[in-house]
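Quick note: the coordinates plus some simple rules give every number you see, no bench work behind them. Keep in mind the model is a prediction, meaning the values are calculated, not measured. Please note: Cβ atoms are built from the backbone with ideal geometry, for glycine as well, and neighbour counts cover all protein chains shown.
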Amino acid sequence: MSTTAENPTPAKPRRLIVLLPLVIFLALAALFLYRLGSGDPSMLPSALIGRPVPDTPLPPIAGLTRYGATVPGISSADFKDTVTVVNVWASWCVPCRDEAPVLMKLARDKRIRLIGINYKDDPANARSFISRFGNPYAAVGADGSGRSSIEWGVYGVPENFVIGRDGRIAFKLVGPVTEGNLEAVLKPQLEKALAAR
């Protein structure tokens, strides 16, 4: 008959209310970890797939040459009527050094054109990088501020884009081009772009 005997149950709902945020947090953390572990991070989706390349003309790197000729900058016209790989790189980027020999190998394929976007770099350092590792690029645009790379949807360097003959972005590879993903990922995407008319 006392009032304490009548209220033994309110403690249980309070415990559930206190535990509810913890349960929600654990569920979201499990979902995050599952999504993080599933899939290849180098193949992040891009909202630009299927869209025309961004209209972001870039000036050349001052003093950069290839085969004795000045290497031009980039304009939207560079992406018409040829399959192009755009490589976003920087001299301060360690993975860019690792991918340099693979890009030199890729540049030997005369069916495609390799273009570079030099991201937030000092021109002297960019020229030194090319001098040391070789120049696979038919054109290189200097993106000193990084604004043009943002238009391309770049998360960081290196990143690579396959552009079809129609001037539209067909594929995006986040991270360096390696021997493994060159054969397994990038070349099949290039063949697909080359086959399209």
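Placing a label point 7 Å from the Cα of A62 along the Cα-to-Cβ line, the residues of the range 139-155 whose backbone N sits under 18 Å from it are 140-146.
Amide H to amide H under 5 Å from R66: which residues, 5+ apart in sequence or cross-chain, H placed 1.01 Å off N in plane? It is V71, by chain and number.
Between T82 and D98, the modelled labels are 3.0 nm apart [label points 7 Å from Cα along Cα→Cβ].
With each label modelled as a point 7 angstrom along the Cα→C-beta vector, the K187-T70 pair spans 3.7 nm. For R147, project a label point 7 Å along Cα to C-beta. Then give me every residue of the range 111-139 with its amide nitrogen under 20 Å of that point. In the range 111-139, the label zone of R147 (backbone N under 20 Å from the point 7 Å along Cα→Cβ) covers 117-123. Counting every pair of alpha carbons in the range 42-195, the share spaced more than 27 Å apart comes to 12 percent.
Taking label points 7 Å from Cα along the Cα-to-Cβ direction, A196 and S128 give a separation of 4.0 nm. Among the chymotrypsin sites (Phe, Trp or Tyr not before Pro) in the range 55-119, those placed in a DSSP loop whose Cβ has at most 13 other Cβ atoms within 10 Å are Y67.
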